[in-house]
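Have a look at the structure below before the remarks.
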Amino acid sequence: MKNRAIAVFGGTFDPVHFGHLRAASEVSELLKVNDFRLLPAGHPPHREGTWAEAHHRLAMLELALAPYPDLAVDEREVRRDGPSFMVETLQSIRDEAGDAPILMCLGQDACNGLNRWHRWREIFDLAHLVVMTRPRSRPQYPEDLGEYIEARQVHRTRDLMDAPSGRIRHVEVTQLEISSTDIRRQLATGRNPRFLLPDTVLAYIHKHALY
Ligand code: ATP
């Protein structure tokens, strides 16, 4: 049976690739989430700048997910002006969600740097964290973040579903060593990144001469 949790998987998706998509699929299946959203960052505060404009990154996500109605795109950051901080995004989702569990999904590499996110402690007041394994990334938490995580760690899906926020679960997903950086690099040097991302996304990249 599906549950009423809302899962949010944020990223720059510059471009979206099978590492993102497979992880999203496995987490939604494992946690039996009915409402699973990929959420492209509009103006990522943690990045020096993105390569493709937000509307292109959104269009690529929509193409990738078109055949899969159980995985949705949440456009709120792309539609908003100014920097998008996850804590504010989660607050706006919480305003709509009542007391349903919100699951913020992120890869291990991203979680290792969570203490550099704007008002990161408040994230635990708004959502649970679901941390997905990623090749070349081990859990490596600075002291304050490590303590926070240790105190909130759970191992069962049930523990995420009987509270709206505040817990953290690490889950293993199939290890696909794919990154947007590598795809952009391949494209910039005239190589073909096919089979690392959906063909529809690759066709879009060529059509609009991105990267
Ligand atoms: P870049 O190379 O530009 O940094 P990326 O491939 O890491 O991009 P992002 O859009 O920055 O992709 O990542 C969004 C989220 O997806 C992050 O939480 C990241 O940890 C996770 N993620 C990205 N690639 C994978 C993968 N291959 N397996 C599991 N998680 C992934």
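Data overview
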| quantity | calculated |
| --- | --- |
| Selected residue (only one of 75, 62 is away from the ligand (no atom under 15 Å from the Cβ), of a type outside the set (Val, Ile, Thr), modelled with pLDDT of 95 or more and touching a Leu at 6+ places or on another chain (Cβ under 9 Å)) | 75 |
| Any hit, region 87-104, residues being more than 16 Å from the ligand (Cβ to nearest atom) and of a type in the set (S, T, N, Q) | yes |
| Residue match in region 94-108 (condition: under 15 Å from the mean Cα position of the chain (by Cα) and not hydrophobic (A, V, I, L, M, F, W, C)) | yes |
| 1 or more residues in contact with a Phe, Trp or Tyr (Cβ under 9 Å, 6 or more places away or on another chain) and open to solvent by 50 Å² or more (accessible area, probe 1.4 Å): qualifying helices (runs of 4 or more DSSP H) within region 76-159 | 120-126, 143-152 |
| Subset of region 47-75 [part of a helix (DSSP H, G or I), hydrophobic (A, V, I, L, M, F, W, C) and closer than 27 Å to residue 30 by Cβ] | 58, 60, 61, 63, 64, 65 |
| Extreme residue, nearest to residue 112 (Cα to Cα), among residues of region 130-171 that are of a type outside the set (Val, Ile, Thr), in contact with a strand residue (DSSP E or B) (Cβ under 8 Å, 6 or more places away or on another chain) and within 16 Å of the ligand (Cβ to nearest atom) | 139 |
| Residues of region 104-151 satisfying the condition of being within 14 Å of residue 169 (Cα to Cα) and in contact with a Gly (Cβ under 6 Å, 6 or more places away or on another chain) | 124, 132 |
| Criterion violated by residue 196 - all others in (1) away from the ligand (no atom under 16 Å from the Cβ); (2) open to solvent by less than 60 Å² (accessible area, probe 1.4 Å); (3) on the phi < 0 side of the Ramachandran plot; (4) not charged (D, E, K, R) satisfied | (1) |
| Flag if residue 26 is in contact with a strand residue (DSSP E or B) (Cβ under 9 Å, 6 or more places away or on another chain) and surrounded by fewer than 20 Cβ atoms within 10 Å (Cβ to Cβ) | yes |
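The values are calculated or read from the model by the stated rules, or taken from the named source; none is laboratory data. Just so it is clear, the model here is predicted, and its values are computed rather than measured. FYI the Cβ positions are ideal-geometry reconstructions off the backbone, even for glycines, and counts take in every protein chain you see. Each accessible area value is taken on the protein alone, full model and side chains, heavy atoms only, with ligands, DNA and RNA left out. Shrake-Rupley method; radii C 1.70, N 1.55, O 1.52, S 1.80 Å.
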